[in-house]
1. Applying the selection to the range 346-374, what residues are part of a loop (DSSP other than H, G, I, E, B), aliphatic (A, V, I, L, M) and open to solvent by less than 20 Å² (accessible area, probe 1.4 Å)?
2. How many of the residues making up the range 525-535 are more than 17 Å from G416 (Cα to Cα) and assigned to a loop (DSSP other than H, G, I, E, B)?
3. Take the range 575-600 and flag every residue that is among the polar types (S, T, N, Q) and either over 25 Å from P503 (Cα atoms) or within 14 Å of the ligand (Cβ to nearest atom) (or both).
4. Just one of (1) part of a loop (DSSP other than H, G, I, E, B); (2) more than 15 Å from D594 (Cα to Cα); (3) touching a His at 6+ places or on another chain (Cβ under 9 Å) trips up L538, so point out which.
5. Touching a Gly at 6+ places or on another chain (Cβ under 6 Å) and open to solvent by 30 Å² or more (accessible area, probe 1.4 Å), is that true of R422?
6. Could you identify the single residue in L309, L259, L284 that is open to solvent by less than 20 Å² (accessible area, probe 1.4 Å), at pLDDT 95 or above and not small (G, A, S)?
7. If I filter the range 249-264 for residues that are in a loop (DSSP other than H, G, I, E, B) and over 30 Å from the mean Cα position of the chain (by Cα), do I get at least one hit?
8. Looking only at the range 402-419, how many residues end up being open to solvent by 20 Å² or more (accessible area, probe 1.4 Å) and more than 9 Å from the ligand (Cβ to nearest atom)?
Amino acid sequence: MRNRFYQVPHCTAFGTEKPWTQAAHRGVKAEGGWAAVCTEYAPFAPDTDEAPLVAARFWDEDDMRALRLMTDEVHRHGALAGLELHHAGNHAENNVTRYPTLAPSQTASDLHAHVVAKAMERSDIERVQRDWVEAAKRARDCGFDIVYAYGAHSYLLMQFLSPFYNGRTDGYGGSLANRARFWLETLEAGKRAIGDDCAIATRISVEGLGPSGIHVDEALEFVGLADPYVDLWDVNVGSISLWSHDSGSSRYFEEGYQLRWTGRVREATAKPIVGVGRLTNPDLMARIVRSGAWDLVGAARPSIADPFLPRKVAEGRTDEIRECTGSNVCIMKVDGFGHLGCLQNPTAGEEHRRGWHPERVEPAGDPSTPILVLGAGPAGLECAVTLGRRGFERVHLVEAERELGGKLRWVRRLPGLGDWGRVVDHRAVLLAKLPNVAVVTGKRLAAADVLDYGAAVVVLATGSHWSGDGLQAATHEPIDGADPALPHVLTPEQVAAEGRRPPGRRVAVYDAEGYVTGPGIAQLLAAEGFEVTLVTPLDLVSPLSDLTVEGPLLRRALHDAGVRMVRGVTITAVEAGRATGETEFEEPWALDIDGVVLVTQQVSNDGLYHELVADPAALAAAGIRRLVRIGDAVAPRMPSEAVFEGHRCGREIELPDPMAVRAYDRERWVPDVAPSMAR
Ligand code: ADP
């Protein structure tokens, strides 16, 4: 390895399904200085299928062809390539491949209701180990330098080690030596097969933090036993059902939080150790390496947010690191929506299909074009930065408020969401280095001001606001009696940005959005001593937080803060002292309250846009050749989408219709000859 930066295996939803996307995404990290770059989990046998999640499936030569693109690309940029060979055991649903789930004992999966495994027979044990070894040989032939036996996240290897899954009474169950046997035999066989050519890595959770793993003292004993067969220890904490504690979000976990446990692995081995913990701070990384705790600084999320983090460190540009926000939007995108994306890095997942590079942009076609970007929320900030990087000489970013950030100005002040502010801070740092972008704050422009400004291109990134009248999905109507001018009706902005408070202690936060705003406002008010009831028409409080593996932690935090939670209720009317509505079972519902905060739906700030487009003659007379609208001003979405759209606008502003919907490159994975035809 050329340095100590290591991109640990992480999901992308590219796997072997999108081989070019996979190659481009990992290749950019190799180019950005990561010395080793790994795939996501790579099932080596058809009886470990976690569809609809997408894996780097590695069953045979056909899959090898797909991942060869990645190893070539990673090597071209001077990094090592790692393959995380994987068997999920008890956690494979096998819904697509239709084979029985395997586990050491006949246990029901603690991850998926309804999955009950077959207890592995001796022949299953031998076959799975044989499959792993054959896959390891193919991995070597495919150009991988590091080959994993993946035992973290309570997958099959850990299931043998953990008494929670392993109730066997034969030589593979009982004592630690017996429970370790399956893992040790697997490693030994792999070492014998490819040990001269590849590094054997094993990934282990050294503290399960719950029943479905093992505790750190026993883990260290295991590390001692397996050490002769292992070239690299990739260590973390938690399990697949407690993945929330491994891929810990910034709301609940500090940078480097895993060290408390993974910092102890050194006690049991002198081999290289790589650890993780959402590390973005080079000083902390250096401290960890100097302490001897780990040899390599591992990253998944920080490498998605900034593929060039290592190079920026090497070149002394640490202030330019695009720090991971820990929002876990990447997980939502991968597991929920089937394509990697990032709140901070709009190019993540777009390297192949849109040809976007995180650090390179096309030079401006006509640099002298004066451009006005209106609104410095995530969309406007990213757009202005991108235009500035492209070398447009006269870009003005104008913002009504005194502070940059749009909605993130106040969202970042909600409990636990401070690191989301990195979206704003990073762009503020870059803007300060771009003399060609003037930033004007505290200036709200009306249509006449825009026409007078002297810009040839105008980008409206004027954002959105929370509807004050309770407009909501359930009814597509406002709530009777809801008016934010009344003392007992409040919007999130009034509470979080303007400091308004309900007139009494009892307050309902009505959350029809199901993401961060409602729970954030509820926690904020509860911390100030209000008696808060979070009412939601949804089945669950903040279902989107489950896609960021924060749901249980969030609901726990609300519970601990004394917030009452009411689900399945649609509020249809509010008056002083009372909110009324209906339950999901069509029963009347009422709550006595002193005030209600309405987190029902956001509405675009599009008045200025419509005023301007309505008068093409005025635009022409003002010399405005192009007027475009981006971000929440078009449709209110998550901040990651506003950043994406700001970036897209910055890159494509010269196109005849820059924000038009256009197809991007798809991948069609067509085998040379369809097997059925070959027969
Ligand atoms: P997005 O997520 O699309 O970036 P935000 O709502 O977060 O949208 O941010 C929009 C920003 O635009 C806010 O900071 C708001 O103050 C600013 N803004 C809206 N209208 C104007 C205007 N007419 N003049 C200047 N700034 C404006």
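The values are calculated or read from the model by the stated rules, or taken from the named source; none is laboratory data. Since this is a predicted model, take the numbers as computed values, not measurements. Cβ coordinates were reconstructed from backbone atoms using ideal geometry, including for glycine residues, and neighbour counts include every protein chain displayed. Quick note on the areas: whole protein, heavy atoms, side chains included, nothing else; ligands and nucleic acids left out. Shrake-Rupley method; radii C 1.70, N 1.55, O 1.52, S 1.80 Å.
1. Kept after step one, since they are part of a loop (DSSP other than H, G, I, E, B), are these residues of the range 346-374: 346-369.
Applying the additional criterion that residues be aliphatic (A, V, I, L, M) yields 348, 361, 364.
Correct list: A348, A364.
2. Start the filter on the range 525-535 by keeping residues that are more than 17 Å from G416 (Cα to Cα), which leaves 529-535.
Going one step further and asking which of them are assigned to a loop (DSSP other than H, G, I, E, B), we end up with 529-530.
Qualifying residue count for the region: 2.
3. Within the range 575-600, the subset among the polar types (S, T, N, Q) is 580, 583, 600.
Scanning the range 575-600 gives a single hit, T583.
4. Status for L538: all satisfied but (3).
5. Values: touching a Gly at 6+ places or on another chain (Cβ under 6 Å): no; open to solvent by 30 Å² or more (accessible area, probe 1.4 Å): yes.
Spelling it out, it is not the case that R422 is touching a Gly at 6+ places or on another chain (Cβ under 6 Å) and open to solvent by 30 Å² or more (accessible area, probe 1.4 Å).
6. On the way: L259 fails: open to solvent by less than 20 Å² (accessible area, probe 1.4 Å); L284 fails: open to solvent by less than 20 Å² (accessible area, probe 1.4 Å).
Going through L309, L259, L284 in turn, the sole match is L309.
7. No, every residue in the range 249-264 fails to be in a loop (DSSP other than H, G, I, E, B) and over 30 Å from the mean Cα position of the chain (by Cα).
8. Kept after step one, since they are open to solvent by 20 Å² or more (accessible area, probe 1.4 Å), are these residues of the range 402-419: 402-404, 407, 409, 412-413, 415-416, 418-419.
Still in the list and also more than 9 Å from the ligand (Cβ to nearest atom): 402, 412-413, 415-416, 418-419.
Of the residues in that region, 7 qualify.
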